[in-house]
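Please treat every number below as a calculation from the coordinates, not as lab data. Every value quoted in this text rests on a predicted model; they were computed, and no experiment measured them. Counting neighbours? That spans all protein chains shown, and the Cβs are built from the backbone with ideal geometry, glycine included.
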Amino acid sequence: MIELSAFLSGNPYPGRGVLCARTLSGETVGGYFLTGRSAASRDRALWLDGDELLVGPTGAVGHDPLRHYAAATMTSEWLVLGNGEQVGHVATRLRAGVAPTEALGGLEYEPDPPIRTSRITMLLGREGGTAVLGAARPSAGSRLTTNVMTLTVRDLEPGEGVLLTTYCSDGVEVSVAAPFDEVLITAQDGPQLLDHMWSALNPDYRVAAVVIDPAKGPGSMVKVST
């Protein structure tokens with residue numbers, strides 16, 4: 001496995017990312033970051049609204065469902081993180097008693113050709129022991145139907161993490177990211193993890209990043225880097 005900072009440094013434009021990580025001190029946390037290449041994509045910020053962490057514009061512009069959404073919310077059992085409006089849909093399914101893998105099913109990648117951005121979502125147990133990650137990704141070929149993946153991760157050891165990103169890129173060419181990546185975590189705690197994540201993102205593209213304690217929900221943000 002590669003260390004998280006090295007992984008992100010080697011992927012200049014990862015798009016959006018969700019991370020389940022266990023720090024060296026033993027705490028399990030969720031992470032989320034967003035990057036953007038266009039001026040509209042970079043003109044965004046994260047802020048807390050009740051029990052939800054929202055992604056929205058910094059200026060007075062209209063709502064764009066592909067760029068403005070709830071990036072984190074919670075249910076009685078799960079912290080839900082993701083890169084689009086599916087976060088709210090998945091949380092609604094969970095509250096209705098739908099099983100986690102089924103709640104992550106039936107999603108589609110974003111209607112933004114030619115990139116066809118993946119929908120990535122993470123459910124992190126409020127008690128911290130289990131994470132269920134889902135991705136609705138386009139094929140790397142010409143097929144237009146969606147590849148849907150769910151991955152259940154249990155009992156991470158200190159220093160381990162699992163990451164979903166939307167893109168793999170050299171900063172110029174953008175392609176579909178791998179289904180998931182396992183990474184090494186060298187941070188002692190949540191604030192240090194956020195610092196590692198933020199400093200490793202390319203400053204030309206990074207927009208915002210956050211680390212959240214799943215037991216407390218979005219209101220427990222250690223801080224937001226922007």
Open item on the list: Could you give the length gained by full extension between Glu127 and Glu108, i.e. 0.36 nm per residue of separation minus their alpha carbon distance, to one decimal place?
Closed with: 3.9 nm
- [ ] Would you mind putting 146-153, 211-218, 110-117 in packing order, based on average other-beta-carbon counts within 10 Å, highest first?
- [x] 211-218, 146-153, 110-117
Open item on the list: If each DSSP helix of 4+ residues adds -39,500 (n - 2.57) and the sum is divided by the residues in the chain, what number results at 222 nm, nearest 500 deg cm²/dmol?
Closed with: -4000 deg cm²/dmol
Task: Karplus (6.51, -1.76, 1.60) ³J(HN,Hα), θ = phi - 60°, over region 139-149, in Hz, Gly and Pro reported as x - done: 5, 6, x, 8, 4, 9, 6, 8, 8, 10, 10
Task: Pair Ser199, Glu77: separation of 7 Å Cα→Cβ label points (nm) - done: 3.9 nm
Open item on the list: Can you match semi-axes √(5λ) of the Cα gyration tensor in Å to one of these, (i) 29, 22, 18; (ii) 22, 20, 19; (iii) 29, 19, 17, based on a calculation from the structure here?
Closed with: (ii)
Task: Estimated distance in nm for a label pair at Ala45 and Leu24, the labels positioned 7 Å out from Cα along Cα-to-Cβ - done: 3.4 nm
- [ ] Go through region 98-105 residue by residue and turn each phi into a ³J(HN,Hα) via Karplus (6.51, -1.76, 1.60, θ = phi - 60°); whole Hz please, and just put x for glycine and proline.
- [x] 6, 5, x, 5, 6, 5, 8, x
Open item on the list: Can you give the longest run of the chain that contains no GluC sites (Glu not before Pro) sitting in a DSSP loop with at most 12 other Cβ atoms inside 10 Å?
Closed with: 1-126
Open item on the list: Test of understanding: what is the full-extension gain from Ser38 to Ile2, defined as 0.36 nm times their sequence separation minus their Cα-Cα distance?
Closed with: 10.1 nm
- [ ] Could you list which residues have their amide H under 5 Å from that of Ala45, counting only those 5 or more apart in sequence or on another chain, with H placed in the peptide plane?
- [x] Gly56, Thr58
Task: Table column - 3J(HN,Hα) (Hz), region 30-44, Karplus curve with 6.51, -1.76, 1.60, x for Gly and Pro - done: x, x, 9, 9, 9, 10, x, 9, 7, 4, 5, 5, 7, 7, 9
Task: Most mobile of Leu164, Leu193, Leu24 in a GNM of the chain (Cα contacts under 10 Å) - done: Leu24
Task: the chain: relative contact order in percent, alpha carbon pairs under 8 Å with at least 6 residues between - done: 30 percent
- [ ] Could you pull out every residue, at least 5 positions away or on a different chain, whose amide H is within less than 5 Å of the one on Arg16? Hs are placed 1.01 Å off N in the peptide plane, and Pro or chain starts have none.
- [x] Thr35, Thr166, Tyr167
- [ ] Please list the non-local residues whose amide H lies under 5 Å from the amide H of Trp78, H modeled 1.01 Å from N, same-chain partners needing a gap of 5 or more.
- [x] Arg126
Open item on the list: I want to make sure I understand the PRE zone here: with the label point 7 angstrom from the Cα of Thr186 toward its beta carbon, which residues in region 14-39 have backbone N atoms less than 14 Å away?
Closed with: 24
